[in-house]
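The structure appears right after this line, and notes come after that.
The values are calculated or read from the model by the stated rules, or taken from the named source; none is laboratory data. Treat the numbers as computed from the prediction; the structure is a model and nothing was measured. Here the Cβ positions follow ideal geometry from the backbone for every residue, glycine too, while neighbour counts run over all protein chains shown.
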Amino acid sequence: MFNLGRRILAPGKNGTLIVLNLIFLAGFCSPFLLQAEMILAAQDKEEKEQLAQLYKQRGDHLVSRDNYKEAAQAYIMALSLARDSFSLEERIELATYISWGGKLKAAAEELQFVLAQQPANLKARLHLARILSWMGRYEEALNEVNRILSLHPQNQEALLIKANLRRWRGELEKAKSLYQSLLEEEENFEARLGLIYTYLYLGQRKPAINHFKLLKPQNAYEEKEIERLAIAMAREIDHSFDAQAFYYTDEDENESYFYPLNFTFWLSNWRFDFNFQHREARDRRRQVSSEDFFLKTYFRPRHFLGLGAGAGFLQFSNGRAKDFLTWNLKADIVTSSTKAGFNLSRQGFTETAQLIRNEIRFVNFNLYLSQKITDRFSFWTDFTQRNYSDNNYSHGFQLALIYRLHLYQPSFNLGYRNRYLNFKCQTYSGYFDPDVYLSHQIFTTFYTESSRFFLYFEPYAGYQSYRRYEQKITNWIGGGTFSFGWIISRNFLLEIRAEGGNFSLATATGWRYCLLGLRLFISL
């Protein structure tokens, strides 16, 4: 028996192949062992091809169980070991499964290898365009699509990819036209899905609802897509109730609890919001409260133009109740790469007990512009002017430059932000009113979501300088914003929020602060 064992495991081609198969079987229980030891066992081209086939078999087994994430790893190993041992059709199929497993870069590279060998391969070029669009590399994807359409102008898959690209780049009217032309040819689940999302972004509620009723899922994937769309529609166009609760504190011993409530309802494509907020605020010397009632509406008479208005009243209660009228007017223009608008409003400060006690109100005028330069680079800027009820005045400017480091999920951006603000004088009314305030910040934003959860995080760091009460102040600043949400169902969303830092313009008072909150969103 001992000699038989020695013969089986003896060095040589057959012995090595037996070892490969034994390790492969063990690898089903331990994938990392499979990867490390099988590569060590492979000695020549034939053995590598044998090992590549074993990896492919493992990937096929995982695909049959809908485990595309691990299957992608197995297929990547198979291709890296012996790419040429697979036919071009097999490599396209493996690249497709690799992309479904979330390994978009590896899938795109494999399809590019295929096209280098066979440039006219339509299937490979179509899926390459699709993957590049998923990666946010829209310009490259559009080039691939246009190359296909130059030879096959009626190719439905290429036209669908192009419609999706138009939508994701904000070219909504062009996207809508393409989706409609596809649906005129034949029923297409993906085209109707894209058309509904386009209507959502355009604020056209009625056609979005009408087309949603026409969706007919044929498989588990399409059922999942309908579920995701239903959640998006619940957030954007359903009648809804939004209840929040926050706790605020700062280093000047200000504290407040406030409870914003919002009810949203629709009349055709007109959106109406009724807001109510109650706040209890206190400091070392006083305890006061405020109530804010506001009704506003917004609609888009044209796909590029939005108009809004609102009115309400703000009640300060500090031993006696006093009401003040509040209002808002706004308009915005949206194109594929630009968003610009203005906002004119009358509001009041309610952040702290001192501000409520002093009954500080202000008229705010804001102009803003957001511009996408490329798929990765954009900027945002605004100008703000305020007139205060205590005979003060301010004007400010902001500029933010944003670079998208990661173009698809999870999204990761890096940015620079500059703020300038100047007041006529210091009034000792309780709000932050500096002379020649200037700050520079570096910030990042991170966002990821799944079918049930989402996470957002935005840390920042920089420095600020200003003069106030005849003192020149310069200091380093840092802080951030965090939120985590649980999508309980289509109709219910729960979110926790946290915010804090020593950036003086983050609050009305300018102090180092902390804000904690809880939100419950219910679509009706």
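Residue check: is GLU291 surrounded by 15 or more Cβ atoms within 10 Å (Cβ to Cβ) and on the phi < 0 side of the Ramachandran plot?
So GLU291 passes the test.
Name the residues in segment 304-349 that are of a type in the set (S, T, N, Q) and touching a residue at least 60 places away in the same chain (Cβ under 8 Å), would you?
If the condition is that a residue be of a type in the set (S, T, N, Q) and touching a residue at least 60 places away in the same chain (Cβ under 8 Å), then THR335, SER336, SER337 are the ones that fit.
Looking at the structure I just gave you, is THR264 part of a strand (DSSP E or B) and without any contact (Cβ under 8 Å) to a residue 60 or more places away in the chain?
Answer is yes for this residue.
Report the residue count in segment 411-461 for those that are touching a Lys or Arg at 6+ places or on another chain (Cβ under 9 Å) and on the phi > 0 side of the Ramachandran plot.
Here the count works out to 2.
Please verify whether GLN409 is over 20 Å from MET135 (Cα atoms) and of a type outside the set (Gly, Ala, Ser), treating the condition exactly as stated.
The answer is no for GLN409.
When you check GLN73 against the structure, is it of a type outside the set (Ser, Thr, Tyr), closer than 26 Å to ALA220 by Cβ and touching a residue at least 40 places away in the same chain (Cβ under 8 Å), yes or no?
The answer is yes for GLN73.
Of all the residues that make up segment 390-418, how many are crowded, with 17+ Cβ neighbours inside 10 Å and among the polar types (S, T, N, Q)?
Total satisfying the criteria: 4.
Look through segment 234-261, keep the residues that are more than 25 Å from the chain's Cα centre (by Cα) and part of a loop (DSSP other than H, G, I, E, B), and return whichever of them is surrounded by the most Cβ atoms within 10 Å (Cβ to Cβ).
As a first pass, look at segment 234-261 and keep what is more than 25 Å from the chain's Cα centre (by Cα): 247-259.
Filter again for part of a loop (DSSP other than H, G, I, E, B), leaving 251-254.
Details: GLU251: 11, ASP252: 15, GLU253: 12, ASN254: 22.
Checking each candidate, the answer is ASN254.
Restrict the check to segment 128-146 and report whether at least one residue is closer than 30 Å to ARG169 by Cβ, assigned by TED's automatic domain parsing to the domain that holds LYS48, more than 30 Å from the chain's Cα centre (by Cα) and among the charged types (D, E, K, R). Give the steps one after another, and end with the answer.
Initially, segment 128-146 is screened for residues closer than 30 Å to ARG169 by Cβ, giving 128-146.
When the remaining residues are screened for being assigned by TED's automatic domain parsing to the domain that holds LYS48, the result is 128-146.
The next check asks that each one be more than 30 Å from the chain's Cα centre (by Cα); those that pass are none.
Scanning segment 128-146 turns up no residue that is closer than 30 Å to ARG169 by Cβ, assigned by TED's automatic domain parsing to the domain that holds LYS48, more than 30 Å from the chain's Cα centre (by Cα) and among the charged types (D, E, K, R).
Check whether at least one residue in segment 105-115 is at pLDDT 90 or above and touching a Phe, Trp or Tyr at 6+ places or on another chain (Cβ under 6 Å), and report yes or no. Show your work before the answer.
Looking only at segment 105-115, we keep the residues that are at pLDDT 90 or above, and these are 105-115.
Next cut, touching a Phe, Trp or Tyr at 6+ places or on another chain (Cβ under 6 Å) only: none.
There is no residue in segment 105-115 that is at pLDDT 90 or above and touching a Phe, Trp or Tyr at 6+ places or on another chain (Cβ under 6 Å).
Which condition number in (1) surrounded by fewer than 17 Cβ atoms within 10 Å (Cβ to Cβ); (2) touching a residue at least 24 places away in the same chain (Cβ under 8 Å) is the one that ALA116 fails?
Checking ALA116 against (1) surrounded by fewer than 17 Cβ atoms within 10 Å (Cβ to Cβ); (2) touching a residue at least 24 places away in the same chain (Cβ under 8 Å), the one that fails is (2).
Sort out which residues of segment 503-517 are part of a strand (DSSP E or B) and crowded, with 17+ Cβ neighbours inside 10 Å, and write them in order of number.
TYR513, LEU515, GLY517
Among (1) assigned to a strand (DSSP E or B); (2) more than 21 Å from ALA508 (Cα to Cα), where does GLY319 come up short?
Condition not satisfied by GLY319: (1).
Quick check on segment 33-48. Is at least one of its residues outside any helix (DSSP H, G or I), modelled with pLDDT under 70 and aliphatic (A, V, I, L, M)?
Checking segment 33-48: at least one residue is outside any helix (DSSP H, G or I), modelled with pLDDT under 70 and aliphatic (A, V, I, L, M).
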